[in-house]
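Peer 1: I have a structure I would like to understand better, so I am pasting it below and will then ask my questions one at a time.
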Amino acid sequence: MAHKRGLCLGGGGITGALYAIGCLAALEEGVEGFRASDFDVFVGTSAGATVATALAGGYPATRLYRALLDPADDFFPLRRQHLLRLDGKEWRRVATSAVRATRHLFSSAASSPLDLDVWNELD
């Protein structure tokens, strides 16, 4: 049976991803013949899974490192609009529901008011 090499990367958000990529990029630059994408098995948790996926796809760690450090690099072409977008129909539905609930509350209170004399209670 042939031996296989595996790479296991932990999570930690963008900081953890940059740490893992930085370590692997340093190894790629400092150790002759080392390529982080040459492992046989890639495993990762959270951000590490994302990095492991890119490495398994053949991307060099040095390229990923540059892409994360340089805001002008378009390797990751995600913008805020891609992830966060206002859903006008949903906002309209919620606003309409809130108006209806408020109308119902006031009409219920007007049709059967509570038997309290608030001003006498204050004295």
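The values are calculated or read from the model by the stated rules, or taken from the named source; none is laboratory data. Bear in mind the structure is a predicted one, so any value in this text is a computation, not a measurement. Methodologically, a virtual Cβ is constructed for each residue, glycine included, from the backbone with ideal geometry; neighbour enumeration extends over all protein chains shown.
Peer 1: Taking the stated definitions as given, is Gly13 under 23 Å from the mean Cα position of the chain (by Cα) and surrounded by fewer than 16 Cβ atoms within 10 Å (Cβ to Cβ)?
Peer 2: yes
Peer 1: Consider Leu55 against the criteria (1) in contact with a helix residue (DSSP H, G or I) (Cβ under 7 Å, 6 or more places away or on another chain); (2) in a helix (DSSP H, G or I); (3) at pLDDT below 95: it satisfies all of them except one. Which criterion is unmet?
Peer 2: Failed condition: (3).
Peer 1: Further question on the same structure: Please state which one of Thr50, Thr45 is within 21 Å of the chain's Cα centre (by Cα) and modelled with pLDDT of 95 or more.
Peer 2: Numbers: Thr50 fails: modelled with pLDDT of 95 or more.
That would be Thr45, the only listed residue that is within 21 Å of the chain's Cα centre (by Cα) and modelled with pLDDT of 95 or more.
Peer 1: So, one more: Would you mind stating whether Leu24 is free of Cβ contacts under 8 Å to residues at least 60 places away in the same chain, more than 19 Å from the chain's Cα centre (by Cα) and more than 22 Å from Pro77 (Cβ to Cβ)?
Peer 2: yes
Peer 1: Further question: Report the residue count in region 45-72 for those that are closer than 10 Å to Ile21 by Cα, in contact with a Cys (Cβ under 9 Å, 6 or more places away or on another chain) and surrounded by fewer than 18 Cβ atoms within 10 Å (Cβ to Cβ).
Peer 2: Within region 45-72, residues that are closer than 10 Å to Ile21 by Cα, in contact with a Cys (Cβ under 9 Å, 6 or more places away or on another chain) and surrounded by fewer than 18 Cβ atoms within 10 Å (Cβ to Cβ) number 0.
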